[in-house]
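The values are calculated or read from the model by the stated rules, or taken from the named source; none is laboratory data. This structure is a prediction, so every number in the text was calculated from the model and none was measured. A quick note on method: Cβ atoms are made from the backbone with ideal geometry, for glycine too, and the neighbour counts reach across all protein chains shown.
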Amino acid sequence: MSEAKRVVVTGAGIISPIGIGRDEFWNGISAQTTGISKIDLLSGSALPGHVAGEVKDFTDKAAKKQYLKAQRKSIKVMCREIQMGVASAHLALSNSELDMESINHERLGVDFGANQMFSTPDVLSDGVFQCDSDGKFDFDRWGDEGLAGMEPLWLLKYLPNMPACHIGIHADARGPNNSLTLAEASGISAMGEALSIISTGRADMMLAGSTGSKIQPTKCLHAALCDEMAEYDDADPGTWSRPFDLSRRGQVAGEGACTFIFEEEEHAKARGAAIFGSILSTASCCSINVDGTPRTQTALVRVISKALERAGVSPSDIGHINAHGLGAKQADINEANAIHEVFGESASTVPVTAFKSVIGNSGAACGTLELAASLIGLQHGVVPATLNYSTPDDDCKLNIITGEPLKMDNKLFLTVNVTAYGQAAALVACGV
């Protein structure tokens with residue numbers, strides 16, 4: 001078997017609550033800006049306090065005139081999550097300075113992660129009302145009468161495989177193309193597939209990314225009913241996300257998207273690309289009990305151990321961990337326990353950052369945005385700090401980076417994500 005090809009990062013497109021684009025994103029990190037506040041773009045939600053990590057600068061007008069000009073005709077079949085994902089890919093291609101006229105498009109592929117996507121209740125209302133029978137919904141009338149009341153091309157607007165489709169069309173990417181829908185594990189899993197495709201010689205370049213949002217009317221209802229959501233009465237919304245802190249009460253919803261350009265190292269060097277990181281390995285798994293409850297700690301231990309093994313590094317080599325850091329009571333304990341199980345004595349000393357304290361939990365987009373935070377931070381010699389961490393929890397004995405961003409010479413790091421259903425993913429990368 002031929003030797004695996006090395007995969008480097010040559011571009012990033014970022015749509016985040018603290019900035020759009022690499023420069024604005026870094027400015028937000030360095031200034032320790034919070035992206036969490038009262039929501040402006042959604043008129044109503046079931047989220048506690050109407051608080052979330054919203055991308056306030058990504059409006060319908062901005063999408064059409066600034067970020068998606070080349071695909072304006074397709075915007076009508078893109079919900080907000082798809083728009084953000086495709087826009088992030090546009091930014092990544094521009095940032096990478098790939099010459100789209102000269103590259104071999106047969107060797108360019110797409111691998112993208114996304115959440116399940118939902119239409120807003122009003123989109124379904126006309127069809128539902130047409131099936132009304134004395135105040136009750138008549139299922140037998142839906143096929144003939146209800147569907148006729150739906151908006152044209154409804155399905156295309158909310159399919160989670162559509163970001164990869166739109167991106168592939170825009171970039172004329174004729175190589176491998178795949179979509180993954182694994183909640184918070186989507187981003188790392190998609191990047192893992194892209195890594196495998198390049199390292200085994202099936203492509204030279206991959207657009208690897210993810211998009212996600214928990215700030216959508218139907219998802220807000222799901223979150224309010226099913227998730228452990230933070231709420232702190234009169235406290236500043238920017239302080240609500242408190243991963244690993246003793247006072248944490250739950251997660252804060254968020255949204256965003258991030259796309260990377262992955263390239264085979266020699267291909268990148270041959271065109272004189274600016275390299276700002278390399279992807280060494282990923283791992284993913286799912287661990288649940290027979291009754292369907294997740295075994296979060298077990299899943300995290302497995303993926304962290306396997307990612308380190310595949311990268312050929314030991315826990316003591318890792319410069320920092322970009323943790324999942326959900327901010328929920330038991331979730332953070334499970335993650336801390338997993339880190340201790342793998343890292344042993346060094347678990348209490350390896351620096352840990354939790355970027356959801358800054359941007360909230362966007363679901364599928366969190367893995368790529370958290371990787372971007374570490375890679376771009378290391379370009380400037382630092383690891384981003386965890387916001388709102390002041391009181392250590394004895395059940396989460398980790399070396400949390402707080403206060404100012406931590407100066408860091410060790411460029412090797414680990415980032416992890418896990419879902420409420422026991423799916424976990426880990427990635428080992430190296431900055432420059």
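Let's see how each residue does on (1) touching a Leu at 6+ places or on another chain (Cβ under 6 Å); (2) crowded, with 24+ Cβ neighbours inside 10 Å; (3) among the β-branched types (Val, Ile, Thr); (4) not assigned by TED's automatic domain parsing to the domain that holds Ala87:
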{"position": "Phe260", "(1), (2), (3), (4)": "no, yes, no, no"}
{"position": "Ile279", "(1), (2), (3), (4)": "yes, yes, yes, no"}
{"position": "Ile288", "(1), (2), (3), (4)": "no, no, yes, no"}
{"position": "Thr298", "(1), (2), (3), (4)": "no, no, yes, no"}
{"position": "Ile304", "(1), (2), (3), (4)": "no, yes, yes, no"}
{"position": "Glu309", "(1), (2), (3), (4)": "no, no, no, no"}
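Taken over region 205-226, residues that are part of a strand (DSSP E or B), touching a Lys or Arg at 6+ places or on another chain (Cβ under 9 Å) and of a type in the set (Gly, Ala, Ser) amount to 1.
Out of the residues in region 389-432 meeting the condition of being of a type in the set (D, E, K, R) and within 24 Å of Ala31 (Cβ to Cβ), tell me which one is surrounded by the fewest Cβ atoms within 10 Å (Cβ to Cβ).
Here is the first cut: in region 389-432, the residues of a type in the set (D, E, K, R) are 393-395, 397, 404, 407, 409, 411.
Imposing the further condition that a residue be within 24 Å of Ala31 (Cβ to Cβ) reduces the set to 404, 407, 409, 411.
Working: Glu404: 10, Lys407: 9, Asp409: 7, Lys411: 18.
The qualifying residue surrounded by the fewest Cβ atoms within 10 Å (Cβ to Cβ) is Asp409.
Checking the condition assigned by TED's automatic domain parsing to the domain that holds Asp395 and either among the charged types (D, E, K, R) or more than 17 Å from the chain's Cα centre (by Cα) (or both), which residue from Ala323, Ala328, Ala354, Ala364 passes? Exactly one residue qualifies, and that residue is Ala328.
Residues are listed down the side, and each one gets a yes or a no for (1) within 21 Å of Gly431 (Cα to Cα); (2) of a type in the set (A, V, I, L, M, F, W, C):
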{"position": "Val290", "(1), (2)": "no, yes"}
{"position": "Arg302", "(1), (2)": "no, no"}
{"position": "Pro315", "(1), (2)": "yes, no"}
{"position": "Ala323", "(1), (2)": "yes, yes"}
{"position": "Gly327", "(1), (2)": "no, no"}
{"position": "Thr349", "(1), (2)": "yes, no"}
{"position": "Phe355", "(1), (2)": "yes, yes"}
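Scan region 195-204 and tell me whether some residue there is assigned to a helix (DSSP H, G or I), buried (at least 17 other Cβ atoms within 10 Å of the Cβ) and at positive phi. No, there is no match, as no residue in region 195-204 is assigned to a helix (DSSP H, G or I), buried (at least 17 other Cβ atoms within 10 Å of the Cβ) and at positive phi. Scoring Glu341 on the criteria (1) crowded, with 24+ Cβ neighbours inside 10 Å; (2) over 17 Å from Gln251 (Cα atoms) leaves a single failure, condition (1).
Out of Gly49, Gly13, Gly28, which single residue is part of a helix (DSSP H, G or I), within 22 Å of the chain's Cα centre (by Cα), within 22 Å of Asn361 (Cβ to Cβ) and not polar (S, T, N, Q)?
On the way: Gly49 fails: within 22 Å of the chain's Cα centre (by Cα); Gly13 fails: part of a helix (DSSP H, G or I).
Selected residue: Gly28, the only one of Gly49, Gly13, Gly28 that is part of a helix (DSSP H, G or I), within 22 Å of the chain's Cα centre (by Cα), within 22 Å of Asn361 (Cβ to Cβ) and not polar (S, T, N, Q).
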